[in-house]
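So the structure is just underneath, and the comments pick up after that.
The values are calculated or read from the model by the stated rules, or taken from the named source; none is laboratory data. Quantities reported herein were computed from a predicted structural model and do not represent experimental measurements. Glycine gets a Cβ as well: all are built from the backbone with ideal geometry, and neighbour counts include every protein chain shown.
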């Protein structure tokens, strides 16, 4: 249906703004077919205006008032239920945030990195990397980035110090530490090795 | 149209706006406020449902379902920024359309042959003239004749006609309620009027031939 067809209905039902109405009335004066169309639609619309409203039965109204009366108790119950849910949600959020905070402080705790050096048991992967090389079963899975830098991450026990030292010694014979001054400033505990000489 | 029981409602409630009454009912469980709201709008809401369904019993059920939802969901889903009655009409409209669509879905005419009466679906349909005979008696002749014609319109056109003529709803609100553009709503009204004009002409012709 094009806009021209809709205009007669918009005009009949006062859905036009004053300027549109004026323009349409000008068209009506010029176009007899349009005038006939509008008048015949107006005639039908006026007939529809004679429809009387139908009243609902009184018993039905009483039944609905009864439901509204009962709402009083339900609304209060609903209020307490909402409060209960809100409190439970708050406690849950608090507990989750607490656990997350504890975990993050565990990871950054200076006590754990105490004495850490190139030869010490704790090694860190690049924290900006989204990839993780930690395997929960204890197996370390190193990975190499585009710059041929080898990354690995694990937390070693003190009892494994000797074995770790031996791995490092062997690594230093074949690989060289990455000397990126910017990175070494921001990440002092990173150990990056590369096969590029 | 107001019912007689409006006499029990204090005068100051009659002067309040819908939103003030809604606020009183929601926050203070003021039953008189709810009764005043019902008095104001019940006839139009009921008329709309009845005109769409054309069956008193079903219209009663849908009307009750509508207001039960209104009462129970007013705290959760009604946002006081919008017009309360537009929200109520949306509930009434959705319940009515749901019913009409369910009816369409569940009437499987091909498999409804009744062995006992040896009749099929069409044979068991009541005569057109006997539909709503009881209802017609309560309505004046022109209203029941108009409703008979309107009931023959496609659902979308009938909806626009009834929302506009019973509820005097602006086309912008009709468009929002029925999830169409304002031009589509206007277009549906135009087709509805053209179809009704045709029906009136045919009826007029029949009457002239009978004379």
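Numbers for the structure displayed
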{"item": "Residue match in region B:154-169 (condition: at pLDDT 90 or above and exposed (fewer than 12 other Cβ atoms within 10 Å of the Cβ))", "result": "yes"}
{"item": "Pairs where the first residue, in region B:72-84, is under 15 Å from residue B:19 (Cα atoms) and the second is surrounded by fewer than 16 Cβ atoms within 10 Å (Cβ to Cβ), C-beta under 7 Å, 6+ apart", "result": "B:75/A:78; B:80/B:19; B:84/B:19"}
{"item": "Pick from region B:158-175, criterion within 22 Å of residue B:100 (Cβ to Cβ) and free of Cβ contacts under 8 Å to residues at least 12 places away in the same chain, ranking: nearest to the other protein chains (Cβ to nearest Cβ)", "result": "B:165"}
{"item": "Qualifying residue in region B:142-150 (condition: more than 24 Å from residue B:93 (Cα to Cα) and either in the same structural domain as residue B:98 (by TED's automatic domain parsing) or at pLDDT below 90 (or both))", "result": "yes"}
{"item": "Lone unmet requirement of (1) within 17 Å of residue A:64 (Cα to Cα); (2) free of Cβ contacts under 8 Å to residues at least 40 places away in the same chain; (3) out of contact with any helix residue (DSSP H, G or I) (no Cβ under 6 Å at 6 or more places or on another chain) for residue B:43", "result": "(2)"}
{"item": "Tally of residues being in contact with a helix residue (DSSP H, G or I) (Cβ under 7 Å, 6 or more places away or on another chain) and without any contact (Cβ under 8 Å) to a residue 24 or more places away in the chain across region B:140-157", "result": "2"}
{"item": "Qualifying residue in region B:86-108 (condition: surrounded by 12 or more Cβ atoms within 10 Å (Cβ to Cβ) and at pLDDT below 70)", "result": "no"}
{"item": "Elements of type helices (runs of 4 or more DSSP H) in region A:1-115, at least 3 residues being more than 29 Å from residue B:199 (Cβ to Cβ), modelled with pLDDT of 80 or more and outside the structural domain of residue A:161 (by TED's automatic domain parsing)", "result": "A:18-30, A:58-108"}
{"item": "Which listed residue is in a helix (DSSP H, G or I), out of contact with any strand residue (DSSP E or B) (no Cβ under 8 Å at 6 or more places or on another chain) and farther than 25 Å from residue B:90 by Cα, from B:162, B:199", "result": "B:199"}
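Yes/no matrix, rows are residues, columns are (1) facing another protein chain (nearest Cβ under 7 Å); (2) at pLDDT below 90:
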{"position": "B:28", "(1), (2)": "no, yes"}
{"position": "B:35", "(1), (2)": "yes, no"}
{"position": "B:41", "(1), (2)": "no, no"}
{"position": "B:46", "(1), (2)": "yes, no"}
{"position": "B:51", "(1), (2)": "no, yes"}
{"position": "B:54", "(1), (2)": "no, yes"}
{"position": "B:61", "(1), (2)": "no, no"}
{"position": "B:64", "(1), (2)": "yes, no"}
